[in-house]
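The values are calculated or read from the model by the stated rules, or taken from the named source; none is laboratory data. Everything numeric here is computed off the predicted structure, so don't read it as measured data. Cβ placement follows ideal geometry from the backbone for every residue including glycine, while neighbour counts extend to all protein chains displayed.
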Amino acid sequence: MTLLSADDLFISLHETLADIPAEAWDALNIDDYPFASYAFLHALEISGSVGADTGWQPVFICIHDGKDGPLKAAMPCYVKYHSYGEYVFDHSWAHAFERAGGNYYPKLLGAIPFTPVPGPRLLRRPEHSALDSMLIAAFQKITQNHNLSSAHINFIAETDKKTLADAGWMIRKGLQFHWHNQDYADFDSFLASLSSRKRKNIRKERGSLADAGVVFQQLTGDDIQPEHWDDFYRFYLATIDKKWGGAYLTRAFFTEIAATLADNILLVMASQDGQMIAGALNFIGKDTLYGRNWGCVCELPNLHFETCYYQAIDFAISRGLQKVEAGAQGFHKVQRGYLPVYTYSAHWLADEGFSEAVQRFLRQESAAIEEERQQVMATSPYRRT
């Protein structure tokens, strides 16, 4: 579907990634950000994790150099019929708008589904930065043409923050907890950077699992076998059930990424007495390890910390990766060496009065988040230098 054309550039919309050549799409993903890769987004689509009745209807914006020319820029978008699976919470906005007589859903979202990981959303080569404004304009035009309440872009790269603010979008601040590698030689070198009390606590947590006979495997590439995925999906469902949540990802999604992204995956598996009991799924980026999903089928103290956090740190050190991003929320991560960093999302609301109310809310929220970060930093587990 053609949206508009200007200056020999042709902007089109696609309801499936299959319309776009994988090589052309991935050529725009210059940082090899795993979640913007064709393989990851296509896996979500063909597995039924998005589309149809999921409330995530794909709409990919593409800019070509001429109608049949090369792909110059793109953006993964979704028409959303709810706010689940986003991790930038706007439920209170929806309730307020609907109480005032409006319809908040559907809305338009630029995001990676179920993935609260900062990264590029405006995909293009560095020399084509001028196309950012065209992508943003196209995004707003879709919202206006279809009488949608609002447009949102979640977990934007910090480099896109000014571009969106200059285009009149509201910027919302969030907080996550990331681990940073200070050229540690090994896990003990990391521990040596912590205060004595925190260092002892982590050793105690890790020792409790060793004493319980829990064994961990770090699997990548061809070492990940179908039975590992069967076990992991069982853990994933079990943990979802405990939280009374919905399983966003289908079993077919894991089959697909096993075939296309295995070399970019770290699967941490835990066993006890020869039985698999827990697992954590991580994606390997250019300089970052991204922790995504985890699950378990038994309750053991410290199992979550080891499977998700300490194994990730150990792997990152061994691979020379600079960061571990362990996902949304989780103040408990701080005492495991993960410190608070800001995340950002961008929002454009069609109703002027509603937009002004949300802007006031965001100013108050931003001040509270800044205060929270300062308080958290005061509890840093690292030795004072």
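Given the conditions (1) farther than 19 Å from VAL215 by Cα; (2) in contact with a helix residue (DSSP H, G or I) (Cβ under 8 Å, 6 or more places away or on another chain); (3) among the β-branched types (Val, Ile, Thr), report the number of the one that VAL297 does not fulfil.
(1)
Are any of the residues in the range 264-273 under 21 Å from ASP188 (Cβ atoms) and either surrounded by fewer than 18 Cβ atoms within 10 Å (Cβ to Cβ) or of a type outside the set (A, V, I, L, M) (or both)?
Taking every residue of the range 264-273 in turn, none turns out to be under 21 Å from ASP188 (Cβ atoms) and either surrounded by fewer than 18 Cβ atoms within 10 Å (Cβ to Cβ) or of a type outside the set (A, V, I, L, M) (or both).
Within the set of pairs 6 or more residues apart or between chains, which connect a residue that is within 15 Å of ILE369 (Cβ to Cβ) inside the range 330-346 to a residue that is part of a strand (DSSP E or B) and basic (Lys, Arg) with Cβ atoms less than 7 Å apart?
As it stands, the answer is TYR342/LYS173; TYR344/ARG172; TYR344/LYS173; SER345/ARG172, since those pairs meet every condition given.
Do we find a residue being assigned by TED's automatic domain parsing to the domain that holds ALA94, modelled with pLDDT of 95 or more and in contact with a helix residue (DSSP H, G or I) (Cβ under 7 Å, 6 or more places away or on another chain) anywhere in the range 359-375?
Checked the range 359-375: no residue is assigned by TED's automatic domain parsing to the domain that holds ALA94, modelled with pLDDT of 95 or more and in contact with a helix residue (DSSP H, G or I) (Cβ under 7 Å, 6 or more places away or on another chain).
I need a count of the residues in the range 326-385 that are touching a Phe, Trp or Tyr at 6+ places or on another chain (Cβ under 7 Å) and of a type in the set (Phe, Trp, Tyr).
3
In the range 124-163, how many residues are in contact with a helix residue (DSSP H, G or I) (Cβ under 6 Å, 6 or more places away or on another chain) and under 19 Å from ASP32 (Cβ atoms)? Steps first, please.
The initial filter retains those residues of the range 124-163 that are in contact with a helix residue (DSSP H, G or I) (Cβ under 6 Å, 6 or more places away or on another chain), namely 124, 132, 151, 163.
Filter once more, so that each one left must be under 19 Å from ASP32 (Cβ atoms): 124.
Number satisfying all stated conditions: 1.
Given the residues ALA157, ALA111, ALA130, which is the only one that is buried (at least 19 other Cβ atoms within 10 Å of the Cβ), assigned by TED's automatic domain parsing to the domain that holds LEU349, closer than 30 Å to HIS42 by Cβ and without any contact (Cβ under 8 Å) to a residue 60 or more places away in the chain?
Values: ALA157 fails: buried (at least 19 other Cβ atoms within 10 Å of the Cβ); ALA130 fails: buried (at least 19 other Cβ atoms within 10 Å of the Cβ).
Result of the check over ALA157, ALA111, ALA130: ALA111.
Only one of ARG292, ARG197, ARG234, ARG203 is buried (at least 17 other Cβ atoms within 10 Å of the Cβ) and among the basic types (Lys, Arg). Can you tell me which?
On the way: ARG197 fails: buried (at least 17 other Cβ atoms within 10 Å of the Cβ); ARG234 fails: buried (at least 17 other Cβ atoms within 10 Å of the Cβ); ARG203 fails: buried (at least 17 other Cβ atoms within 10 Å of the Cβ).
That would be ARG292, the only listed residue that is buried (at least 17 other Cβ atoms within 10 Å of the Cβ) and among the basic types (Lys, Arg).
Considering only residues that are among the β-branched types (Val, Ile, Thr) and in contact with a Cys (Cβ under 9 Å, 6 or more places away or on another chain), look in the range 56-93 and name the one that is surrounded by the fewest Cβ atoms within 10 Å (Cβ to Cβ).
By that ranking, first place goes to VAL59.
Among the listed residues ASP222, ASP186, ASP166, identify the single one that is in contact with a helix residue (DSSP H, G or I) (Cβ under 9 Å, 6 or more places away or on another chain), outside the structural domain of ILE277 (by TED's automatic domain parsing) and not aliphatic (A, V, I, L, M).
Working: ASP222 fails: outside the structural domain of ILE277 (by TED's automatic domain parsing); ASP186 fails: outside the structural domain of ILE277 (by TED's automatic domain parsing).
After applying the criteria, what remains is ASP166.
Go through the range 22-130 and tell me which helices (runs of 4 or more DSSP H), entirely inside it, have 1 or more residues that are of a type in the set (Ser, Thr, Tyr).
Working: elements: 22-26, 38-46, 91-99.
It comes to 38-46, 91-99.
In this structure, does HIS95 turn out to be over 14 Å from the mean Cα position of the chain (by Cα) and either under 24 Å from THR343 (Cβ atoms) or outside the structural domain of GLN144 (by TED's automatic domain parsing) (or both)? Before the answer, list the steps.
Working: over 14 Å from the mean Cα position of the chain (by Cα): yes; either under 24 Å from THR343 (Cβ atoms) or outside the structural domain of GLN144 (by TED's automatic domain parsing) (or both): yes.
In short, yes.
Residue check: is LEU237 outside any loop (DSSP other than H, G, I, E, B) and more than 25 Å from the chain's Cα centre (by Cα)? Please lay out each step first, then the result.
Numbers: outside any loop (DSSP other than H, G, I, E, B): yes; more than 25 Å from the chain's Cα centre (by Cα): no.
Here the answer is no, as LEU237 does not meet what is asked.
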